[in-house]
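Heads up: the structure comes next, in structure tokens.
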Amino acid sequence: MARSIRFRDALREAMIEEMERDERVFLMGEEVGHYQGAYKVSEGMLDKFGEKRVVDTPIAEGGFAGVGIGAAMVGLRPIVEFMTWNFSAVAFDQILNNAAKLRQMSGGQLDCPIVFRGPNASARQVGSQHSHAMEHFYATVPGLKVVAPAFPADAKGLLKAAIRDDNPVLVMESETLYAAKGDVPDGEHLVEIGKAHIARPGKDVTLAAYSRMTYVALDAAAALEKEGISAEVVDLRSLRPLDENTLVASVERTHRLVVVHEGWPYGGVGAEIADRVQRLAFDALDAPVLRVSTLDVPMPYSAKLEQACMPQADRVVSTVKRLLARGRA
Amino acid sequence: MADTPVSTLGGAAPNTRTSADLEHLSRLYREMLLIRRVEEESARSYAEGKIGGFLHLYIGQEAVAVGALAALRPDDYVITTYRDHGIALAKGMSPRALLAELYGKATGCSRGLGGSMHMFDKEHHMLGGYGIVGGHIPIAAGVAFASKYRGDGRVTLCFFGEGAVSIGGFHEGLSLAALWKLPIVFICENNEYAMGTPLSRSMSVEDVSLKALGYGMDRDRFFAEDVLEVEKRIGEAVRRAREHSLPTLVEVRTYRFRGHSMSDPAKYRTQAELEEHKKRDPLHRSRTALVEQGLGEARLDALEKSVEAEVADALEFAAKSPEPTLADLEPTTYKGPFAY
């Protein structure tokens, strides 16, 4: 059986179930308790678990990220919520230099079983400082795992898997997805980190996406279908580790790949995928791997300009057509 | 409650020395001497090219580590900066594990993957040395947070230099520890120079301990010349942490006799200043006290010889140990299957 619930409810279910299962798990962040969560992800959790396990913090991301890491290295399993991943920039040192490296620089003596989570990438007209797609920065770092679910079921299953993982796992959510509904299986539901899935099968081109861009890719695929073009949508779900097997298998079927992601085109997840696919599936490709990303400028406030900067289905469609126009030449 | 800042200058210790006192001081002197000799041999090995990277020596500051850690239970936690050799040894790490780490060997405390700045010893609850100034201070608060969460009665000691007091991590760590009343002692080892910059050129207020006032935290400040005084004063803060779950900021004034690192000739200070500080060498003071209290040259000689033997053994062990291999990297990067 499955129930249709919202993305934020799925995340909350994951945290509640894991906190009920394991006394070592606790939630920490700005406004997670008394305020009931800036985006109501943790609504009701303070009443359920008390101040010991739902910990409101001051505005000090570097400080409370570090507190989480310290607690994790001596055996607790913290969930640290960033009100948005944009604010993690001031905690970048903690995640880069401590969470990611503790295990290796201690020769494998210490672990850092911690989850950092929060909304990532653009919201609506929140300006250049609140619209970053931070996953590109973190996915380059060995020692971290980075996941970016698109659907409530994956949000729940991946968050539960992240909480049980003995490594630092970063969960990229989206403010604009919190109200999105989807079926979530009843009972225990875990999703293995590092596994993509085919969100829509197709045969002419592969669209690789994650988080909110999976919906954009699906919209583009629906539009392309009307023009007789069959697009396969690979929902990556996990960015590090990256499921290159599913990507390669898809490209071997479709021979063309477009990566759709928020964030700038210089480097990042799309560039990484382009590198891997040309290395691993060179003979299967009929055309270069293309990317549809946020334009290479800081995000403007203007609603029209913001939408123009962000990847949209019509830009994906035109990119696919450009790709197909190359034919097999 | 930590609402009112309280200066916690202790009263004078009773001046009655028992044989137990003598044994205790003798043990602390031996620990300090071990640190000094390990550091001197490290400097020699560095000059010989057997140790790479950075090497920040603890020579001159031994009374801080040894005195502070004497105030702890074995299961208490310690965490510090990159000048971490002395603290690791005082927490119980063997000279073998430490020197092998410096030599980059697989038998080192961190399998040769950490190096001078990253001495970790989980068994002894030495939670490491950290290379980004101030970055470990919130982590230390997190360790203390875990102790309070579990109610395990442990105390965390967090060491850092006065150079860390200007960076955000110090303030966020202290702020959270005070807010949540965590069982922790923040120990600022004020050795007067942040690399080459004296305190007078880096802080508007040179009394570091005053930073505690704004956080409603207890504080203390003293010079680490006498290892027993360090033990007593840190002991008061440890008690406050253990019995009342309250943090303390302790500024321990000290001095490093060597440069910031091996590449630093320390031209920013005069030879006269260095010589003046060497007169207050904590090792010399403890040794003199031991002689005055009747330990006897024969026993001191035996103690010093045993330190020499331990250091020689550790150097030989480090030299003969195997290096880590590429196969060590994947399992130490992730726990479980390697993710790429």
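The values are calculated or read from the model by the stated rules, or taken from the named source; none is laboratory data. As the structure is a computational prediction, the values presented were derived from the model and not from experiment. Positions of Cβ are generated from backbone atoms using ideal geometry, with glycine treated the same way; all protein chains shown enter the neighbour counts.
The number of residues in the stretch B:212-255 being surrounded by 22 or more Cβ atoms within 10 Å (Cβ to Cβ) and over 30 Å from B:TYR149 (Cβ atoms) comes to 4.
Tell me, please, whether a residue that is assigned to a helix (DSSP H, G or I), within 20 Å of the chain's Cα centre (by Cα) and within 24 Å of B:PHE338 (Cβ to Cβ) can be found in the stretch A:286-309. No.
Taken as a whole, the stretch A:74-88 holds no residue that is crowded, with 23+ Cβ neighbours inside 10 Å, at the interface with chain B (Cβ under 10 Å from one of its Cβ atoms), in a helix (DSSP H, G or I) and in contact with an Asp or Glu (Cβ under 9 Å, 6 or more places away or on another chain).
Contact map, the stretch A:222-238: residues that are more than 11 Å from A:LYS321 (Cβ to Cβ) paired with residues that are surrounded by 14 or more Cβ atoms within 10 Å (Cβ to Cβ) and basic (Lys, Arg), Cβ distance under 6 Å, separation 6+ or inter-chain. Pairs shown: A:VAL233/A:ARG200. Do we find that A:ALA133 is of a type outside the set (Asp, Glu), under 16 Å from the mean Cα position of the chain (by Cα), under 22 Å from A:ALA10 (Cβ atoms) and more than 7 Å from chain B (Cβ to nearest Cβ) in this structure? Yes; evaluated as a whole, the condition is true for this residue. Here the helices (runs of 4 or more DSSP H) wholly within the stretch B:86-197 that include at least 3 residues being more than 13 Å from chain A (Cβ to nearest Cβ) and modelled with pLDDT of 95 or more are B:95-102. When the stretch B:41-57 is examined, which residues are found to be assigned to a helix (DSSP H, G or I) and either free of Cβ contacts under 8 Å to residues at least 12 places away in the same chain or over 20 Å from B:MET195 (Cβ atoms) (or both)? B:GLU41, B:ARG44, B:SER45, B:ALA47, listed by residue number. Scanning the stretch B:102-117 for residues being within 24 Å of B:PHE160 (Cα to Cα) and either touching a Pro at 6+ places or on another chain (Cβ under 9 Å) or free of Cβ contacts under 8 Å to residues at least 24 places away in the same chain (or both) gives a total of 6. Among the residues of the stretch B:214-222, is there at least one that is among the aliphatic types (A, V, I, L, M) and either modelled with pLDDT under 95 or not in a loop (DSSP other than H, G, I, E, B) (or both)? No, the stretch B:214-222 contains no residue that is among the aliphatic types (A, V, I, L, M) and either modelled with pLDDT under 95 or not in a loop (DSSP other than H, G, I, E, B) (or both).
If the condition is being among the charged types (D, E, K, R) and within 18 Å of the chain's Cα centre (by Cα), then the stretch B:203-248 contributes B:ASP220, B:ARG221, B:GLU225, B:ASP226, B:GLU229, B:GLU231, B:LYS232, B:ARG233, B:GLU236. The set of residues from the stretch A:58-72 being under 24 Å from the mean Cα position of the chain (by Cα) and more than 20 Å from A:ASP22 (Cα to Cα) comprises A:ILE59, A:ALA60, A:GLU61, A:GLY62, A:GLY63, A:PHE64, A:ALA65, A:GLY66.
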